[in-house]
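A quick write-up on the structure given underneath.
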Amino acid sequence: MPTCRRKRVLLTQPSQTLLDALQAGTNKEVYYLAQTGEIFETYEAYAARMSFYRMKQFQCEVTGKSGLDYFEALESEQHEARTMHSRFPEPLKAAVLKAVQWQIMGRLDHLVEAVYERFKDRYYPDERVIIDVQGDKYFARVVQVFPPRPPLPIQSTSRLGSEEQASTSSSPLSDEEPSIHRIAEDMKIPVKEANIRDDPAKYYYKVQILEEERQPGAGKQSEKSKGKDKQSKYSGSLMDVQCADMSRDRLAFSKSILRRFIRDCVDRDAAVASPWTVKPGIAARYGVDTVMPDETRRDMETLKKGESDKRKKVWEDKEGPHKRQKKLSAAEELKAKATAERKEQEARDKETKAQKAKEEAERLAVEKKKKKPIRYPTEDLDVVLGDRDKKNGMKVKRPVPSRSAMPFGTDNATNEAFLMVWNFLNVYGQPLHISCFTMDDFEAAIRHSAPEPCPLIAEIHSTLIYNLRTVPFTRFNALISLAHLKQKVGPNDAVLGVSLETLEEGLGDIGNNWERAPLRHIEGRDGWEESLVGCLKDHATLENFPRLREVLTRLNWAIEDDEATSSSRGKPSPHAITSITPSSPRVQYPVLPTSDKVTILAFMCSMAVSSKSIHAHMEVCEEQLTALRKEKIEVNRTKKQYLEEMVAIMGESKEGTPKTNGAEEDTALQESSDLSDIPGSEGETETGSATPSGRPKLSRRKTQATERQLARARQANEKQKLAEHRRLDEEVNKLERRLEGIERDFRKLLGAIRVKPLGRDRFYNRIWWFDGMGSASLIGSGGAIQYGSGRIFVQGPSEFDNEVLERRDGDVKARRLEEEGEEGMLGVGEWAVYDTIESMDAFVAWLNPKGVRELALKNTLTKWWPHIGPGMRRRTADLTSTARAPEARRSTRTKQTGSDLSREPYMQWTNRRAVNSS
């Protein structure tokens, strides 16, 4: 039976309801699990059980293989069981099972040892064995077993002739078969006594040697073959042998095989002193008695009682002598009472001493724990700034991130959708065929309300429309959804002064050909507004796009309303609408509320994720990530090799460097040589002839010349090593630059698969940096730093992290008020931003590297700071040079007049990735 966490998996039994239905003869549909035979009343129970079986947490009980599902483990056990049963000697199975039936042993290993010792030298008819004939091994089959005969009376011995003995030994085994090895099969008799009473060495076995080309047990040979020559008659011949000349194949009988056979065939209850019992089906097949003998039952009850008494005694000794109740006489009762009081007093004294010792140990443990230093980094909320940290300049309060600097202020839903859309369009710019653009340009394009067409908005909508043409849709999906709503609320239900019936009639002929309409780049994507309405009509419903009705109404009707009105369910009050005029999407899109523009793009991006082009791009990014990982490993290996070579060169240079450099030594030698050649010097005549002492001086000059040559060789060698060191240093610098490029490429490719924050601070606020992902790049042509958002965004903790903060011991809220400030505390999913270098420097200085989260965040910020900092500076410079008034940029309801819009940066953007044929 497969095991799960070391416990056997029990099959689910049918519920009582199903059993009652079966008894009543009621037909009831059930769910049947064919592999296990289990029956379930509901599909949920069936699916839950199947899911449990499919989990890779099961273990094959026979082989010990783990990490399998239930069916794999069951198949493994069945395969091993079939193999084991085919190998285990068939004649030996019944004897072993009869021996282990009703045996009371705690461990299976002990039972296996006992059975092995009893049967290793005992053989049964029709069993395949290996015999030793004059040093050669042969396979043979046991034909007959002759047990040792009891000694016969003297008067009957003379009557037994040789012919009778021969006939007796050669007669078929009939009445003697049941009596062989009977004493050994009784496990109650010790093995030594059993061997004395029924010695296996005194058994004789008639065996037939098997022919090599024949299968074992093919049949008996005629006894006429006994007279042939020994060298030629071994194959198929019969002979008498004893156990000393016999053995079994280790693949058929060994302790491990025997253990697997017994474990597969027997079982045991979990109760104390429970016997091993053969499984009922196997017992019936091999004729094993399934009725427990009375003697075995009495022994089992005696063992159970002894074990219970032993545990009871241990419990009483643990509880103390005052728990025992005894019937004593009056004198004995007084004596016993005094003794009990004395022992109770001793016990109380002992308990008091133990309590004092325990309190002392706890006090010492607390003191030791207080003295034990904290190992950093640790949980961030466990790190508390002390006076020493404050004196060293650690900031207590985090700089407040700006909510107002977000693109849409405190509108968190619109901000989040806006960030998602911008990131999606920049990450998947290649499959969407759209060039990158900054977040400021995108924000300005969203706020564009002038009649003059905005190329950025046109390209974004057109490329998404082309992508959504490849996504399956239902024709007139939006109209079907509106028709269902009309059945519920009626055709006269109005939103923004337009009823459902009027809305359906107005949408009937708009954008019906959107999946085939050409939106050419060279024509400025003319007609994309009508295609947008057609795309929404086929892809959107009130379930996946809740503001569909309001958006379609504003795109097709010019509605003059009061901005100050508000209502429930998004409906304006009756006094808000001043006029309603049919219009066209081309005219109405620029004056659409910015929140609705962002909502439309967010819906289109969420639908485009399922397109084939996006999925294919993700798969390509996965392959490139794998290649980058391999390349990074190779580059690091090569870099390590170069560094080791540089260290070796430096070590050789230090060992071979003389105390004085080669130039000084050369100069000294030259001076010595010149002085020795001056005429009239000591040891020479005026004519320069050598004196008797001139020969040693000549030898010294030769030595000095040799040393000068060696010095020059050392200098050349040092120059060569220095040149090699410089070359290796240049190679290491190239590899480091390549590693930096790999990191940038890795961020780009990983951002196309999943966007992850840079990290989290101590209060689980998530820090986001969206630049350099997907088709966007951090470095432009010529190595110039580029930016997309040029900001660091802060998002409040998730719901799960917020629950962790609330469950934490201590007043976390008070700490947040102290370290974040009331204005800096972000709610769940709330957004804020750091858009200046000064605020980011203050934030990085606030991070405490003693916490695990803030240490990781600080390391990541340090890693990417060469790109974050210059990007923020360049964005600030671009905004300053543009010199746009914030009020004009934030206006959403007034037309931009008094300035040339064509000179705005977002109006000058061009799509260099556009497909001209489109």
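State all residues of region 96-111 that are over 17 Å from Thr296 (Cβ atoms), touching a residue at least 12 places away in the same chain (Cβ under 8 Å) and surrounded by fewer than 21 Cβ atoms within 10 Å (Cβ to Cβ); if no residue qualifies, say none.
Hits for region 96-111 are Leu108, Asp109.
Name the residue that is farthest from Ile457 (Cα to Cα), counting only residues in region 505-536 that are of a type in the set (Lys, Arg) and touching a residue at least 12 places away in the same chain (Cβ under 8 Å).
Arg520
Do we find that Val396 is exposed (fewer than 14 other Cβ atoms within 10 Å of the Cβ), of a type in the set (Val, Ile, Thr) and assigned by TED's automatic domain parsing to the domain that holds Asp811 in this structure?
So Val396 fits the description; yes.
Got a number for residues in region 98-128 being under 49 Å from the mean Cα position of the chain (by Cα) and of a type in the set (Phe, Trp, Tyr)?
2
Being of a type in the set (A, V, I, L, M) and exposed (fewer than 11 other Cβ atoms within 10 Å of the Cβ) is the filter; apply it to region 21-70 and report the residue that is farthest from Arg263 (Cα to Cα).
By that ranking, first place goes to Ala24.
Inspect region 454-472 for any residue being over 21 Å from Met607 (Cβ atoms) and crowded, with 17+ Cβ neighbours inside 10 Å and give the result as yes or no.
Yes; the residues of region 454-472 include at least one that is over 21 Å from Met607 (Cβ atoms) and crowded, with 17+ Cβ neighbours inside 10 Å.
Determine, yes or no, whether Phe408 is crowded, with 17+ Cβ neighbours inside 10 Å, at pLDDT 90 or above and part of a loop (DSSP other than H, G, I, E, B).
Yes, satisfied.
Just to be sure, is Asp175 out of contact with any Phe, Trp or Tyr (no Cβ under 9 Å at 6 or more places or on another chain), in the same structural domain as Ala99 (by TED's automatic domain parsing) and at pLDDT 50 or above?
Here the answer is no, as Asp175 does not meet what is asked.
Output the residues belonging to region 503-548 that are part of a loop (DSSP other than H, G, I, E, B), more than 21 Å from Leu432 (Cβ to Cβ) and over 47 Å from the mean Cα position of the chain (by Cα).
Gly508, Asp509, Ile510, Asn512, Asn513
Quick one: Val129 ticks every box in (1) touching a strand residue (DSSP E or B) at 6+ places or on another chain (Cβ under 9 Å); (2) under 28 Å from Val9 (Cα atoms) bar one, so which box is it?
(2)
Each row is one residue, and each column tells you yes or no for (1) assigned to a loop (DSSP other than H, G, I, E, B); (2) surrounded by fewer than 20 Cβ atoms within 10 Å (Cβ to Cβ); (3) without any contact (Cβ under 8 Å) to a residue 40 or more places away in the chain.
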site: Phe800; (1), (2), (3): no, yes, yes
site: Glu803; (1), (2), (3): no, yes, yes
site: Arg816; (1), (2), (3): no, yes, no
site: Ala832; (1), (2), (3): no, no, no
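Do any residues in region 537-555 that are not assigned by TED's automatic domain parsing to the domain that holds Leu482 have Cβ atoms under 7 Å from those of residues that are of a type outside the set (D, E, K, R) and part of a loop (DSSP other than H, G, I, E, B), where the two are at least six apart or on different chains, and which pairs are they?
none
Among the listed residues Ala723, Ala716, Ala711, which satisfies the condition of being among the small types (Gly, Ala, Ser), farther than 30 Å from Ser798 by Cα, part of a helix (DSSP H, G or I) and in contact (Cβ under 8 Å) with a residue 12 or more places away in the chain?
Ala711
Might you check whether a residue that is of a type in the set (A, V, I, L, M) and at pLDDT below 90 occurs anywhere in region 782-798?
Checked against the condition, which is being of a type in the set (A, V, I, L, M) and at pLDDT below 90, region 782-798 yields at least one hit.
Kindly indicate the residue of region 29-59 that is in a loop (DSSP other than H, G, I, E, B) and without any contact (Cβ under 8 Å) to a residue 12 or more places away in the chain and also nearest to Met1 (Cα to Cα) among those meeting that condition.
So the residue we want is Ala34.
Identify, from the list Tyr376, Tyr428, the residue that is crowded, with 21+ Cβ neighbours inside 10 Å and not basic (Lys, Arg).
Criteria check complete, one pass: Tyr428.
The values are calculated or read from the model by the stated rules, or taken from the named source; none is laboratory data. Being a predicted model, the structure only gives us computed values, none of them experimental. Note that we place each Cβ from the backbone using ideal geometry, even for glycine, and neighbour counts take in every protein chain shown.
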